[in-house]
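This report refers to the structure that appears directly beneath it.
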Amino acid sequence: MGLAALSPGDLTGDDGQTKLNPGLKGPAWVGMGIHPGMQCLGLARQAGYAHGGLSPVSPVVWHPIHNPAHRRKSYNPGMNDTKVVTRFAPSPTGSLHIGSARTALLNWAFARRLGGKFLLRIEDTDKARSTDAATRGILEDLKWLGIIWDEGPGLNPPAGDVKAGQIGERGPYFQSQRDEIYKGYLRKLIDMGRAYPDGDAYRFKMPKTAITVDDLVLGAVTIQAENLEDFIIFKGAAGGGGPTFHFANVVDDAEMGVTHVLRAQEHLMNTPKHVAMFDALGIGRPKYAHMPLIFNPDGSKMSKRDKAKAARKAAGEWVKQKNGDAKGLWEYVGEVFKTRSTQGSPEGQSLGLEDVQGFLEKKTDANEIAVPIARALGVTLPEIDVNDFRQSGYLQEVLLNYVALLGWSPGNNVERFDLEYLKREFDLERLGKSNAKFDRAKLLAFNAETIQKLPAEVFAEKLRGHLAAYHPTELAKLGGNFGAFCGAYQLRSRTLSEPMQLGRFFFVEDEQIQFDAKAVEKVLKKDGGKGLAVLREILPELKAAARWEAGELHQLIERVAGGGSSEGGDLRSPAKQEGLHPHPALSLREGEGTAARGAPGGSGGASGGSGGASGGSGGASGGGGGGGRGLGDIAQPLRVAMTGTTVSPAIHDTLAILGKEATIKRIERCLSMIAEA
């Protein structure tokens, strides 16, 4: 029952006397006017805070506003025993943002280190925007990260009821199920003269004295009395009814025994309101630690809207180039989804004209609109949510490691660690005060290094799981060649998605291979069509091959080359190819393409790694081999026929993974198309 449905009897005591004082009139609520993206200290000063300095953390000092004799000292058990209780309280209105994941991780680590409890609470009071799907997404992302809660929603709720199976004795852990608890606290505040009606809503009456928050990261922060405005704590019918974030947050922290609140600095502006309510209720305040904000390298705050901004920019450029409008863009996106299979696109995705129009006019930043527009325009959106990083193929352990470093440092130049290390070493003293920078290039380097150091069987297990989740059709197509595919791409991949990007030619239809004009001229047509002649020569040999395995194909290609030695040649295992850097991705800049990734020495790379076009060992211009013909003279024409380019894994692995039928079809198609041209 929302506030609008409360009858006078709901707010009367046992003696029948009303708990409302209709004569109380509060000032109109005015926000503090603090922009969450501002630096914390400047933010505090603008709001009338007096900061106690940015010195090392000192013990918390309580500043009760009311007479201590009126405080209920035993009300919050979490404040009077030694067990630490932290919580993570997301709003299920969208996916789990990477900043929220940082908050959850550090609350979890703090509780684990001190032998306390970590609670998960779902703040779903925004009934219009909260969804069960978002709740499930948050639960799944936390479990994938390994951040497991002691109390909260069920770890594996049934499909039909996300609120079923809750664990813990302090629930329910969904705010939408706690209405009666909030109404009880509202009655207490009304009875005390600290809450009053404003229309059909209720406001909390702030004190007339300054409030100091002793923050465990920032030190003492004081807000002056003139900046303490009364604010809504219970909404009326026009606002949907029920408690506001501020009120429900305080009540739940009190009821659930939360001892420490670790959250981002953007919430610092809310903390005076919260501690004022704790003080009014006579409940000991939890200890607060406000962590640095997370910013993009360009200095902008890392926001859920970043994906929409990138998609809108691309959409605006498209409209400008085409001299079009929202309708033209809408029609184009629709046509793309009809005629092209867009990797990872939602099934049955359809956009309305009004969706596209509103998106261009900045009326909405919904990812449901931004993502398909970006995919249709070929734009890669920045990863913002945990699920974005999962789909992009980042390893769980790497993402956790990097996220922990956003504002916290273990010291001693340590950067690489696991959850066990974090659980053992995390402390508040090493939390920074300044903004943290989310460096995607560094995260990518971390991921590449980790992937390339994994034991082959572990990489195969992780890649299989990733493909099963996001590329099941391609995984099925690999069949028994999955192991060879793993071996071909582990040392070339920075993420678990890159094998699919680098090896895309394995999965497209044979007729979809597009031939690069430069590769055709240099490899197939040069010297009177020498490359085409090689394809004609090897085609019957491949058709006659009885066993289609990498080793047999290796020998077949050597035989066609004239018995040439494989020393330094293209046909060896990718891990042994000459010039292949053990961690090639670490030298790459973010956004470099396939050709650049091949350059450090990947098979067929432009700068002449094994089989490279510029003539490394076994390259097109030379290499060992009887009859004056090198292995590259055979491998490169085959590469162009198989991929349309000069880049692929070792050619015998490439042919083995493709299979005999596709190999022969692609050679015949290449000969037909190029010869006719």
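State whether one or more residues within segment 411-421 are among the β-branched types (Val, Ile, Thr) and surrounded by 14 or more Cβ atoms within 10 Å (Cβ to Cβ).
Checked against the condition, which is being among the β-branched types (Val, Ile, Thr) and surrounded by 14 or more Cβ atoms within 10 Å (Cβ to Cβ), segment 411-421 yields no hits at all.
I'm checking my understanding of the structure. Among residues of segment 366-393 that are assigned to a loop (DSSP other than H, G, I, E, B) and in contact with a Ser or Thr (Cβ under 6 Å, 6 or more places away or on another chain), which one is most open to solvent (accessible area, probe 1.4 Å)?
The residue in question is 383.
Among the numbered conditions (1) open to solvent by 40 Å² or more (accessible area, probe 1.4 Å); (2) within 17 Å of residue 658 (Cα to Cα); (3) modelled with pLDDT of 90 or more; (4) out of contact with any helix residue (DSSP H, G or I) (no Cβ under 6 Å at 6 or more places or on another chain), tell me where residue 533 comes up short.
It is condition (2) that residue 533 fails.
Given the options 224, 177, name the one that is of a type outside the set (Asp, Glu) and either open to solvent by less than 50 Å² (accessible area, probe 1.4 Å) or at pLDDT below 95 (or both).
That would be 224, the only listed residue that is of a type outside the set (Asp, Glu) and either open to solvent by less than 50 Å² (accessible area, probe 1.4 Å) or at pLDDT below 95 (or both).
Going by what's in this entry, would residue 114 be described as open to solvent by less than 50 Å² (accessible area, probe 1.4 Å) and hydrophobic (A, V, I, L, M, F, W, C)?
It is false that residue 114 is open to solvent by less than 50 Å² (accessible area, probe 1.4 Å) and hydrophobic (A, V, I, L, M, F, W, C).
I'd like to verify a number: residues in segment 516-530 that are hydrophobic (A, V, I, L, M, F, W, C) and either open to solvent by 80 Å² or more (accessible area, probe 1.4 Å) or within 17 Å of residue 651 (Cβ to Cβ) (or both), how many? Write out each step before concluding.
Filtering segment 516-530 down to residues hydrophobic (A, V, I, L, M, F, W, C) leaves 517, 519-520, 523-524.
Next cut, either open to solvent by 80 Å² or more (accessible area, probe 1.4 Å) or within 17 Å of residue 651 (Cβ to Cβ) (or both) only: 519, 523-524.
Final tally of qualifying residues: 3.
Somewhere in segment 395-412, is a residue over 29 Å from residue 335 (Cβ atoms), of a type in the set (Ser, Thr, Tyr) and at pLDDT below 95?
Yes, some residue in segment 395-412 is over 29 Å from residue 335 (Cβ atoms), of a type in the set (Ser, Thr, Tyr) and at pLDDT below 95.
Hey, can you tell me all the residues within segment 282-305 that are modelled with pLDDT of 90 or more and of a type outside the set (A, V, I, L, M)?
Step one: filter segment 282-305 for residues modelled with pLDDT of 90 or more, giving 282-295.
If the condition is that a residue be modelled with pLDDT of 90 or more and of a type outside the set (A, V, I, L, M), then 282, 284, 285, 286, 287, 288, 290, 292, 295 are the ones that fit.
Quick grid of which residues meet (1) in contact with a His (Cβ under 7 Å, 6 or more places away or on another chain); (2) at pLDDT below 95; (3) assigned to a loop (DSSP other than H, G, I, E, B); (4) closer than 18 Å to residue 667 by Cα:
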{"position": "529", "(1), (2), (3), (4)": "no, yes, no, yes"}
{"position": "547", "(1), (2), (3), (4)": "no, yes, yes, no"}
{"position": "551", "(1), (2), (3), (4)": "no, yes, no, no"}
{"position": "565", "(1), (2), (3), (4)": "no, yes, yes, no"}
{"position": "570", "(1), (2), (3), (4)": "no, yes, yes, no"}
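A quick yes/no check of all residues on (1) crowded, with 19+ Cβ neighbours inside 10 Å; (2) touching a strand residue (DSSP E or B) at 6+ places or on another chain (Cβ under 8 Å); (3) without any contact (Cβ under 8 Å) to a residue 12 or more places away in the chain; (4) not aromatic (Phe, Trp, Tyr):
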{"site": "439", "(1), (2), (3), (4)": "no, no, no, yes"}
{"site": "458", "(1), (2), (3), (4)": "no, no, yes, yes"}
{"site": "465", "(1), (2), (3), (4)": "no, no, yes, yes"}
{"site": "475", "(1), (2), (3), (4)": "yes, no, yes, yes"}
{"site": "478", "(1), (2), (3), (4)": "yes, no, no, yes"}
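Residue 261 is checked against (1) touching a Gly at 6+ places or on another chain (Cβ under 9 Å); (2) in contact (Cβ under 8 Å) with a residue 60 or more places away in the chain and fails just one. What number does that condition carry?
Condition not satisfied by residue 261: (1).
Can you run down the residue pairs with Cβ atoms below 6 Å, 6 or more apart or on separate chains, where the first is in segment 350-371 and within 21 Å of residue 385 (Cα to Cα) and the partner is of a type in the set (Gly, Ala, Ser)?
Close Cβ pairs satisfying both conditions: 364/358; 365/308; 370/308; 370/311.
With the requirement that a residue be part of a helix (DSSP H, G or I) and either in contact with a Pro (Cβ under 9 Å, 6 or more places away or on another chain) or of a type in the set (S, T, N, Q) (or both), what does segment 276-306 give you?
Filtering segment 276-306 down to residues part of a helix (DSSP H, G or I) leaves 276-281, 306.
Within segment 276-306, 276, 278, 279, 280, 306 qualify.
The values are calculated or read from the model by the stated rules, or taken from the named source; none is laboratory data. Since the structure is predicted, the reported quantities are computational estimates derived from the model, not experimental observations. Heads up, the Cβs are rebuilt from the backbone with ideal geometry, glycines too, and the neighbour counts pull from every protein chain shown. Please note that ligands, DNA and RNA were not included when accessible areas were found on the heavy atoms of the full protein model with its side chains. Shrake-Rupley method; radii C 1.70, N 1.55, O 1.52, S 1.80 Å.
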